[in-house]
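Before any comments, here is the structure.
Derivation of every value follows stated rules applied to the coordinates shown; laboratory data play no part. Everything numeric in this text was worked out from a predicted model, so none of it was measured. We place every Cβ from the backbone using ideal geometry, glycine too, and count neighbours over all the protein chains shown.
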Amino acid sequence: MDKFVIRKRSHDDEGIDHKPKRKCSETLKDENGDKEDCAISNFVVKSPAWRHLKGQNLNCDYCVFFSKSCADEIFKECEKLLTYNEGQLAKVNLFGKWHDIPRKQVAHGDEGLSYTFSNNTVPARPWTPFLKKIKDTISEVTGHEFNFVLINRYKDGKDHMGEHRDDEKDLVQGHPIASLSLGQPRDFIFKHADSRGKNAKCNIDPVKIELQHGSLLLMNHPTNTFWYHSLPQRKKLLNVRINMTFRKMVKK
Ligand SMILES: O=C(O)CCC(=O)C(=O)O
Ligand SMILES: [Fe+2]
């Protein structure tokens, strides 16, 4: 049985475990006044109410990061501005066979960075002012720097992501991954590595969280060493979800 550790929470809800990281109550403005591809002139994030997800070596923090109106704006801008990889860059190789990924994907980041998963390497496109502003806002509030973002677009509940760990060798070891969710709320499930499949060594309950519109999930060390995560299909859900995972990659 899946175990719910976090109940659905609205934007108006007051957090129970108030655990702010760095406070950022002032308005963040693009220093260059660069609005060429971004209708959003500023983001305001007032010390969000963090909740801590704890398990055996599970170490995550979760909050509703952007207000509903700001998240709505960002979602709209994503749909207007982002384009996704096609062709070979939109495939994975599993057991020697190429498959289309069951969602759309694109990466942006510092020059020269790329992301390798399931035997495919996706180069980062340059930061746009819009994406840089989101990255900088998350860095300002969390106190962590990122140089890469992987963006996944799920057109509806049929699109999904299978169980995996974000443990690629290109990632800076021990650095958190910040996962921003926009649009359709979806279940996100953590499974402990020792409790998967027929040969499970022990029985640790999975941890399920419904990722809300505008929410941020910080996956801190050592979560990705011990726990797999997935975004399973939810065929009745009809709306688009966009997820951005901000990462710190090793520069070669
Ligand atoms: O869409 C999600 O929330 C999952 C994203 C994820 O796990 C990844 O990009 O590695
Ligand atoms: Fe992941």
Inset, instruction - First select every other residue whose beta carbon is under 13 angstrom from the beta carbon of T121; then total the charges, Lys and Arg +1, Asp and Glu -1. - result: +1
Legend entry - Distance between the range 196-225 and the range 233-252 - C-alpha centres, whole angstrom: 15 Å
Inset, instruction - Evaluate 2.2 N^0.38 Å with N set to the residue count of the range 122-201, then give the Cα radius of gyration divided by it. - result: 1.34
Inset, instruction - Once you have the Cα-Cα distance between T225 and T83, take 0.36 nm times their residue separation minus that, and quote the gain in nm to one decimal. - result: 48.0 nm
Legend entry - J(HN,Hα) series, the range 46-62, from Karplus relation 6.51 cos²θ - 1.76 cosθ + 1.60, nearest Hz, glycine and proline x: 9, 2, x, 8, 7, 10, 9, 9, 10, x, 5, 6, 8, 9, 10, 10, 9
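What Kirkwood radius, in Å to one decimal, follows from the Cα pairs of the range 11-247?
The answer is 18.5 Å.
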Legend entry - In Hz, Karplus ³J(HN,Hα) per residue of the range 187-197 (6.51, -1.76, 1.60; θ = phi - 60°; x = Gly, Pro): 6, 10, 10, 9, 10, 5, 4, 7, 10, 9, x
Inset, instruction - Taking the Cβ of N224 as the centre, find all other residues whose Cβ is under 12 Å away and add up their charges (Lys, Arg: +1; Asp, Glu: -1). - result: -1
Legend entry - Cβ-based charge dipole, the range 11-247, positive-most Cα from H108, A71, I151: I151
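Summing +1 for each Lys or Arg and -1 for each Asp or Glu, what net charge is found among the other residues whose Cβ lies under 12 Å from the Cβ of R196?
Within the 12 Å Cβ shell, the charges total +2.
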Legend entry - Listed pairs K135/K252; K169/K198; K46/K169; K208/K236 exceeding 24 Å between Cα atoms: K169/K198; K46/K169
Legend entry - Among the listed pairs K91/K235; K133/K248; K104/K251, those beyond 18 Å (Cα-Cα): K91/K235; K104/K251
Inset, instruction - For the range 240-252, take each phi angle, set θ = phi - 60°, evaluate the Karplus expression 6.51 cos²θ - 1.76 cosθ + 1.60, and give the result in whole Hz per residue in order, putting x for glycine and proline. - result: 6, 10, 10, 10, 10, 9, 8, 9, 10, 9, 6, 8, 8
